[in-house]
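So the structure is just underneath, and the comments pick up after that.
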Ligand code: B12
């Protein structure tokens with residue numbers, strides 16, 4: 001870790017983008033906005049909110065694609081973490097070089113969130129990974145070696161005054 005330089009990267013994992021690289025969430029993820037705002041207000045950490053579900057130019061999502069070829073793309077992307085979408089995400093993580101990564105997990109993107117966590121660890125094993133969000137508790141994260149819960153992270157980085165309100 002670099003001296004006195006704490007950086008947190010908040011990631012919205014890809015979901016529709018795994019069906020087709022030009023499918024996109026062309027919106028600022030509200031969860032990351034709230035978290036980034038709180039971190040900026042209460043700490044001196046640098047924060048980057050990274051919407052990995054966004055990849056311009058976007059195009060309208062077609063149900064026919066989601067249930068046809070798109071579904072195969074989705075499955076293949078989950079099976080092969082060396083695909084273009086993952087390489088793009090990995091290089092963004094590498095460029096920012098975060099101390100901590102927070103990943104926002106929902107039911108639909110949980111498998112993707114797990115791959116993103118592994119990508120973080122492939123860039124640097126030193127980086128702490130936190131998974132939070134709507135559905136982070138319904139999966140058995142305790143057994144996962146890549147995940148440290150927010151509580152232990154807050155303890156570890158207590159001097160940075162990071163505080164999150166997560167209902168564990
Ligand atoms: C707005 C919304 C959308 C918007 C998003 C707009 C945007 N700019 O972000 C749109 C319309 C795009 C959308 C789409 C979808 N959505 Co939606 N959406 C919502 C909704 C109504 C609010 C989410 C929100 O922004 N809340 C406000 C933020 C501030 O709260 P939050 O996300 O919960 O985040 C807080 C905590 O969870 C936590 N947190 C979140 N991430 C992290 C990460 C870390 C590290 C930590 C520590 C904490 C943390 O801290 C945040 C701040 O307090 C919820 C229902 C709800 N009432 O929550 C459904 C919901 C999240 N959506 C859902 C679904 C299924 C979808 C779609 C798959 C629907 C579809 N079939 O297409 C798509 C997926 C899109 C995608 N690309 O991934 C489900 C997810 C199911 C689940 N339990 O996980 C929900 C819960 C609705 C439901 N009850 O079914 N959605």
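If the requirement is being modelled with pLDDT of 90 or more and within 11 Å of the ligand (Cβ to nearest atom), which of these qualifies: 64, 17? Before you say what the answer is, go through the steps one by one.
Working: 64 fails: within 11 Å of the ligand (Cβ to nearest atom).
Exactly one residue qualifies, and that residue is 17.
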Here the qualifying pairs (Cβ atoms under 8 Å; residues six or more apart or on different chains; first in the stretch 61-77 and free of Cβ contacts under 8 Å to residues at least 12 places away in the same chain; second part of a loop (DSSP other than H, G, I, E, B)) come out as 76/83
Under 25 Å from residue 125 (Cβ atoms), in contact with a helix residue (DSSP H, G or I) (Cβ under 7 Å, 6 or more places away or on another chain) and not in a strand (DSSP E or B) - does that describe any residue in the stretch 20-39? no
(1) closer than 20 Å to residue 9 by Cβ; (2) surrounded by 15 or more Cβ atoms within 10 Å (Cβ to Cβ); (3) at pLDDT 90 or above: which one isn't true of residue 133, the others all being true? (3)
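Pick out the one residue from 46, 24 that is more than 13 Å from the ligand (Cβ to nearest atom), touching a residue at least 12 places away in the same chain (Cβ under 8 Å) and surrounded by 14 or more Cβ atoms within 10 Å (Cβ to Cβ).
On the way: 24 fails: more than 13 Å from the ligand (Cβ to nearest atom).
On inspection, the qualifying residue turns out to be 46.
The values are calculated or read from the model by the stated rules, or taken from the named source; none is laboratory data. From a predicted model like this one, the values you see are computed outputs, not experimental measurements. We place every Cβ from the backbone using ideal geometry, glycine too, and count neighbours over all the protein chains shown.
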